[in-house]
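Take a look at the structure below.
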Amino acid sequence: MRDELNEVCLIDKYLLGQLNEAENRTFEASMLLDEALAENVEAQRSAHRMILLYARKQERSRLQAIHLQLLGEPAFARQLTTIFA
């Protein structure tokens, strides 16, 4: 279990660009030699993408709520009308 956790951490560092040049080359060579590692990297890359997409969706929802709240304020709505009229 500990080895799997270490691998996940190493893959994260690789995907996030946190390895130095020598570590990066060594890791990429390991992926060429170990098909299972390469598959794990791709799976984790997909997970990173899904997390990023979810975070963007959450942020968009949060900003929409703020926008609607601001438009509900009469003074703010008047200022927008004045600026963009």
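No value in this document is a laboratory result; all are computed from the given coordinates. Model, not experiment: these values are computed from the prediction. Note that each Cβ is placed from the backbone with ideal geometry, even for glycine, and that neighbours are counted across all protein chains shown.
Reducing region 1-44 and region 49-85 to their Cα centroids gives an inter-centroid distance of 39 Å.
Each other residue within a Cβ distance under 12 Å of Asn6 adds +1 if Lys or Arg and -1 if Asp or Glu, for a net charge of -2. How far is helix 35-71 tilted off the main Cα axis of the chain, in degrees rounded to 10, range 0 to 90? For 35-71 against the chain, the angle is about 10 degrees. If one takes the longest principal axis of the Cα atoms in the chain, at what angle in degrees, from 0 to 90 and to the nearest 10, does the Cα axis of helix 21-33 lie? Long axis of 21-33 versus the principal axis of the chain: about 70 degrees. When the Cα positions of Ala77, Ala36, Met50 are compared along the charge dipole of the chain, Ala77 comes out farthest toward the positive end, with charges on each C-beta of Lys, Arg, Asp and Glu. Checking (i) 22.4, 64; (ii) 17.0, 53; (iii) 12.3, 39 against Rg and Dmax of the Cα atoms in Å calculated from these atoms, the matching label is (i). Calculated mean residue ellipticity at 222 nm for the chain: -30000 deg cm²/dmol, from DSSP H runs with n ≥ 4 weighted as -39500 (n - 2.57), summed, divided by the residue count and rounded to 500.
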